[in-house]
1. For every helix of n ≥ 4 consecutive DSSP H residues, a contribution of -39,500 (n - 2.57) applies; sum these over the chain, divide by its total residues, and give [θ] at 222 nm rounded to the nearest 500 deg cm²/dmol.
2. Just to be sure I understand: with springs between alpha-carbon atoms less than 10 Å apart, which residue in 49, 229, 19 has the highest mean-square fluctuation in the Gaussian network model of the chain?
3. Sorted by packing (mean other beta-carbon atoms within 10 Å per residue), highest first, where do 255-264, 209-218, 91-100 land?
4. Quick one: what are the phi-derived ³J(HN,Hα) couplings along region 127-141, Karplus 6.51/-1.76/1.60 with θ = phi - 60°, whole Hz, x for glycine and proline?
5. Taking amide H atoms as placed 1.01 Å from N in the peptide plane, list the residues 5 or more away in sequence, or in a different chain, whose amide H sits under 5 Å from that of residue 37.
6. What percent does the relative contact order of the chain come to when contacts are Cα pairs within less than 8 Å and at least six residues apart?
7. Percent relative contact order of region 53-116, based on C-alpha pairs within less than 8 angstrom and at least six residues apart?
8. Show the residues, 5+ positions off or on another chain, whose built amide H is closer than 5 Å to the amide H of residue 223.
Amino acid sequence: MRKTIIAGNWKMHKNQAESKALITAVLEGVSQMKGETLPDIVLCPVFLSLPLAAETLKSLKEKHGEVLNTCYVGAQNMDYHESGAFTGEIAPGMLTDIGLTHVIIGHSERRQYFAETNASVNLKTRAALANKLVPIVCVGETLDEREAGLTDQVIRRQVASALEELDKDQVAKIVVAYEPVWAIGTGKNCESTEANRVCKMIRETINELYATNVADAIPVLYGGSVKPSTIVEQMEQSDIDGALVGGASLKAEDFLPIIKGGAGRSKLMGTRA
Ligand code: 13P
C-alpha cells in the first residue's frame, strides 16, 4: 500500500501560543479517532514554533500512545548546506536535532518570492535525504503556463530536475506534492479528475526516469484550496495519496475533517482505479 499523508503547511501564521494551541487541538482531535486507519499527519509550523511543536507532539504521544504514532512535525523549508556562513538559514541537521522528520521543499511561494529554482530544489531534496528527512517536493504550474498548454511540460521538468542524481533507493523515500499555483489560497480548486491526471503523470514520469515502477510506492499529494468539502472526492481518485493543506490547516475544526477524509484511503501500489 502507498502511504496516505495529510500535511498542514501553516505558512507564516501563528505565534508560539497560537501554534501550541493549534497543535494541541489537532492532536487531541486525532487521539479521538481510535479504530480508524489514520493517514500520516505532518504539521509544519514556522521555524520559531518548531521546537515547541516537536515537544508538544512528544508529550501528547506519551499521553495518548499509539493512536498518535502517525503524527509528525515538519519544516517549511531549509538550506542545503550542513553548516557555514549562511546568515538567516537553517541546516538540515538542525531540523533532525529537534526531532523533525519531514521538510517541505520548493513550495511555489519559495520559488516565486525567494528565488528558489529547480536547481536549488534538487540540492535541498538531496540534502534532506542525506539527513534522513522526508522531502515533500512541491511542483506546480502557474496560470499562464496552464493557459499556454504547458502544464505537463513544466511539471515533468520540475520533477526531473528535483530528482537529478538521486538513485532508485533515494527516490523511493520522497513525497511529491502537486500544487497548481493558481489554486493556492484562491479558493479555486483544481478539478479532482484533472489533479488526478497530473498526479498520475508525475508518477509515470518518475517511473520512466528510473525505468522501474519505483513511483508506484511514492505518495503524490494534491495541494491548492483543499477543504473539508473537497477532500473526499480528492481521496477517491486513483493517484492522489493525500493533501498538502494551507488555509484549512490553520483551524482544527477544518483540518480534523480533512484528516478523517484521508483515513482508510491507502491505495494499492500499481492500482489504477
Ligand atoms: P491553500 O490550501 O491555502 O490553498 O494552500 C495550499 C498550499 O500552498 C499548501 O502548501
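FYI, it's all coordinate maths here, none of it is from the lab. Computed from a predicted structure; not experimentally measured. Cβ sites come from the backbone with ideal geometry, for glycine too, and all protein chains shown count toward neighbours.
1. -12500 deg cm²/dmol
2. In the Gaussian network model the winner is 229.
3. Going from most to least packed, we get 255-264, 91-100, 209-218.
4. Karplus-based 3J(HN,Hα) across region 127-141 equals 5, 4, 5, 5, 9, 6, 9, 7, x, 9, 8, 8, 9, x, 9 Hz.
5. 264
6. Dividing the mean separation by the residue count of the chain yields 23 percent.
7. Reported as a whole number, the value is 32 percent.
8. 178, 179, 244
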